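The values are calculated or read from the model by the stated rules, or taken from the named source; none is laboratory data. In this text the structure is predicted, and so the values were computed from the model without any measurement. Every residue, glycine among them, receives a Cβ derived from its backbone with ideal geometry; neighbour counts consider all protein chains shown. Note: accessible area is taken over every heavy atom of the protein model, side chains too, but ligands, DNA and RNA are not part of it. Shrake-Rupley method; radii C 1.70, N 1.55, O 1.52, S 1.80 Å.
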Amino acid sequence: DNQLVVSWGMLERSKIATFNMLPGREKIAQLCLHLQNSTFSADPNILLQRNAEMECHFNEARARAEQEMEILQHALKKRQHELLTVVHQAETDSLTGLFNRRAFDEKLRQAFLHTLRQRNSPLSLLYFDLDHFKKINDEFGHQVGDEHLNKMANILRNIIREDVDIAFRFGGDEFAVALFADRQLACDKARQALEAMGNKVSIGIATIDQHTEDSLTLEEFIRQADNALYEAKRRGRGQVVSHSCISRQEHQCQFPCTDTHLAIELQT
């Protein structure tokens, strides 16, 4: 009722005071806290017990937080994996498994800007066009045509370095490779692909290196490779043409490529 009573144990009780008017809840709470603090300061054992209870409560809270964090990290990794899968699917050609045109635009841009900025390694762009591919589809059907496309894709995988160079399929019978190498190696790789395809592919090459002018744009770089490919097709298909050979009006691309050796001779 209106009595203030302190109890401890199971039976011990002691009346402290009787009120004429019942105090408010806030006053009672303040008094309880004051009595508890007084008891703790008077009895170290109680204070140690309270500290032990607080430590136990803290450890339980930490364990729950760590468990929740582990669940969140697992969910985050799962979400990241799902996102990477979606991105990979959006950038991958469904037939050959190579990167598609969407990936080509972004990855070549990054490689081009990096090469012009760092100047520590050359970059070659190789364009491939399967010769008379429409005739293969018309005469033997699309299944044989798909096998022909996959053959080209597998050859490109074999001639490039995994996780360094990048192979693409634009769609149709057009392919491309971003090769982090000079013109000499690019010509060698192109010849390997040409021989593996039975001389039934036309290839154009453009290269940028430490001597390339800063004013060169990505569009111009792509145009150089495209012009070299067009020249290879104009000369009768089934051959490799480098853009530098066109600029010097050479009649044919030689193998091994003499362009690098010529550049060295001119400098000396």
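Once both labels are modelled 7 Å past Cα along the beta-carbon direction, what's the ARG237-LEU31 spacing in nm?
In this crude label model, ARG237 to LEU31 measures out at 10.4 nm.
Excluding same-chain pairs closer than 8 in sequence, count the lysine pairs in the chain whose Cα atoms lie under 24 Å apart.
Step by step, the pairs that qualify in the chain add up to 15.
If we restrict to alpha carbons, what Rg and Dmax does the stretch 113-180 come to, in Å?
Every Cα atom of the stretch 113-180 included, Rg and Dmax give 14.8, 49 Å.
Give, in whole angstrom and from largest to smallest, the semi-axes √(5λ) of the equivalent ellipsoid of the stretch 11-147, with λ running over the eigenvalues of the Cα gyration tensor.
Semi-axes, largest first: 80, 21, 15 Å.
Once you put a point 7 Å from the Cα of ASN45 and another 7 Å from the Cα of ARG119, both along the Cβ direction, what distance in nm separates them?
8.3
Treat each spin label as a single point 7 Å out from the Cα along the C-beta direction, and report the GLN192 to PHE19 distance in nm.
Here the modelled spin labels are 9.2 nm apart.
Which whole number of Å³ per residue matches the convex hull of the alpha-carbon atoms in the stretch 70-120?
That works out to 116 Å³ per residue.
Work the Kirkwood hydrodynamic radius out for the stretch 85-219: mean of 1/r over every pair of different alpha-carbon atoms, inverted, in Å.
15.5 Å is the Kirkwood radius here.
Compare the peptides 9-16, 187-194 by average per-residue count of other Cβ atoms within 10 angstrom and give them in order, highest first.
By packing density, highest mean first, the sequence is 187-194, 9-16.
Give me the percent of Cα-Cα pairs in the stretch 162-219 that sit more than 14 Å apart, rounded to a whole number.
Within the stretch 162-219, distances greater than 14 Å cover 64 percent of Cα pairs.
Return the FRET efficiency for the residue pair LYS77, GLU220: r is the Cβ-Cβ distance, R0 is 45 Å, and the value is rounded to the nearest 0.05.
Result of the calculation: an efficiency of 0.60.
Counting Lys and Arg as +1 and Asp and Glu as -1, each charge on the Cβ, what is the dipole of the chain about the Cα centre in debye, to the nearest 20?
The calculated dipole for the chain is roughly 340 debye.
Between GLU60 and THR212, what FRET efficiency comes out of the Förster formula 1/(1 + (r/R0)^6) with R0 = 51 Å and r the beta carbon distance, rounded to 0.05?
Given R0 = 51 Å and the Cβ-Cβ separation, E is 0.20.
How far is helix 183-196 tilted off the main Cα axis of the chain, in degrees rounded to 10, range 0 to 90?
On a 0 to 90 degree scale, this one is about 80.
Using just the alpha carbons, could you tell me how many Å³ per residue the convex hull of the stretch 1-90 encloses?
184
Quick one: accessible surface of HIS243, probe radius 1.4 Å, all protein chains present, in square angstrom to the nearest 10.
Answer for HIS243: close to 50 Å² accessible.
Report, in deg cm²/dmol and to the nearest 500, the calculated mean residue ellipticity at 222 nm for the chain, where each DSSP H run with n ≥ 4 adds -39500 (n - 2.57) and the sum is divided by the residue count.
Here the helix-only value at 222 nm equals -19500 deg cm²/dmol.
Apply the Debye scattering formula to the chain, with a single equal point scatterer on each alpha-carbon and no solvent, then give log10 I(q)/I(0) at q = 0.10, 0.11 Å⁻¹.
-0.64, -0.74
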